[in-house]
């Protein structure tokens, strides 16, 4: 057994939404650490491309599955189970967003965003539980579920993505609820990223990239190494006494946030 607290060699990890964005950053980091990665994406072409490109870094299996339905979540786990009888971790990263003015915000945006960002992580975790329990039993230590939330679920965003911010707040609390019930064999934690250079963020970065960077105490966007380091910690033996946590990965944007206070004399 390795004495390195952060050694992930030989682990088997499922990453949903792993073909691009933060999920791709996570998958690349895990492959470089000797992890066998199983990833999902919605499109066959994206799955084939991810398998080809990421395959240069290690063993990866990419599946085109729509996990927005319970059957889709079951199908994904069944495809993973065709390759392995255990999973050390599930990283629920797949997400969807929607932006529209309050008076024009469509009902369909609630169903879509909550389906992908809240219901899907629960369904994938439920379907994968036997594989997670099998890994815990074999390794003698807990398996992991990591839910990727957002700082939009911690603070009120300054743009109108109502269903997204509500869904991310929901996945943070679902993380705590799952943690309470799946311990001690499965640890459940969440990461709440701030701004990273991803396709989902691109429209904001194009319009307000410099402003977003300047508003951050560290004066920059998130980097692949930031999410890689956090996920590595949460998957490693170093985090074996942590469950139900929501970790902001945002350069201090939420943890150092302040408001201006005015007393009656100044008003």
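The values are calculated or read from the model by the stated rules, or taken from the named source; none is laboratory data. Given the structure is predicted, the values throughout are model-derived calculations rather than measurements. Heads up, the Cβs are rebuilt from the backbone with ideal geometry, glycines too, and the neighbour counts pull from every protein chain shown.
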With the condition kept exactly as written, say whether any residue in the range 194-202 is surrounded by fewer than 17 Cβ atoms within 10 Å (Cβ to Cβ), at pLDDT below 95 and part of a helix (DSSP H, G or I).
yes
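Being surrounded by fewer than 16 Cβ atoms within 10 Å (Cβ to Cβ) and in contact with a strand residue (DSSP E or B) (Cβ under 9 Å, 6 or more places away or on another chain) is the filter here, so list the residues in the range 32-50 that pass it. Spell out how you get there, then give the answer.
Initial filter on the range 32-50 (surrounded by fewer than 16 Cβ atoms within 10 Å (Cβ to Cβ)): 32, 34, 43-45, 48-49.
Within the range 32-50, 43, 44, 45, 48, 49 meet the criteria.
May I ask you to say which residue of 72, 68 is out of contact with any helix residue (DSSP H, G or I) (no Cβ under 7 Å at 6 or more places or on another chain), crowded, with 17+ Cβ neighbours inside 10 Å and farther than 28 Å from residue 4 by Cβ? It would help to see each step written out before you state the result.
Working: 68 fails: out of contact with any helix residue (DSSP H, G or I) (no Cβ under 7 Å at 6 or more places or on another chain).
The unique qualifying residue is 72.
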Pairs under 9 Å by beta carbon, first residue at pLDDT below 95 in the range 55-77, partner buried (at least 21 other Cβ atoms within 10 Å of the Cβ) and part of a loop (DSSP other than H, G, I, E, B), six or more apart or different chains?
68/94
Residue check for residue 207: in a helix (DSSP H, G or I), at pLDDT below 95 and under 26 Å from residue 232 (Cβ atoms)
no
Among residues of the range 212-257, those that are under 15 Å from residue 150 (Cβ atoms) and touching a strand residue (DSSP E or B) at 6+ places or on another chain (Cβ under 8 Å), counted:
11
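Just to be sure before I move on: is residue 147 in a helix (DSSP H, G or I), in contact with a helix residue (DSSP H, G or I) (Cβ under 6 Å, 6 or more places away or on another chain) and either in contact (Cβ under 8 Å) with a residue 24 or more places away in the chain or crowded, with 18+ Cβ neighbours inside 10 Å (or both) in the structure I sent? Step through it out loud before you land on a result.
Numbers: in a helix (DSSP H, G or I): no; in contact with a helix residue (DSSP H, G or I) (Cβ under 6 Å, 6 or more places away or on another chain): yes; either in contact (Cβ under 8 Å) with a residue 24 or more places away in the chain or crowded, with 18+ Cβ neighbours inside 10 Å (or both): yes.
Spelling it out, it is not the case that residue 147 is in a helix (DSSP H, G or I), in contact with a helix residue (DSSP H, G or I) (Cβ under 6 Å, 6 or more places away or on another chain) and either in contact (Cβ under 8 Å) with a residue 24 or more places away in the chain or crowded, with 18+ Cβ neighbours inside 10 Å (or both).
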Is it fair to say residue 212 is under 15 Å from residue 251 (Cα atoms) and either outside any loop (DSSP other than H, G, I, E, B) or modelled with pLDDT of 95 or more (or both)?
yes
Given the conditions (1) touching a helix residue (DSSP H, G or I) at 6+ places or on another chain (Cβ under 8 Å); (2) within 24 Å of residue 230 (Cβ to Cβ), every one holds for residue 23 apart from (1)
Can we say residue 186 is surrounded by fewer than 24 Cβ atoms within 10 Å (Cβ to Cβ) and more than 18 Å from residue 87 (Cα to Cα)?
no
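Residue-by-condition table, conditions (1) more than 20 Å from residue 173 (Cα to Cα); (2) free of Cβ contacts under 8 Å to residues at least 24 places away in the same chain:
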{"site": "83", "(1), (2)": "yes, no"}
{"site": "106", "(1), (2)": "yes, yes"}
{"site": "129", "(1), (2)": "no, no"}
{"site": "134", "(1), (2)": "yes, no"}
{"site": "140", "(1), (2)": "yes, yes"}
{"site": "143", "(1), (2)": "no, no"}
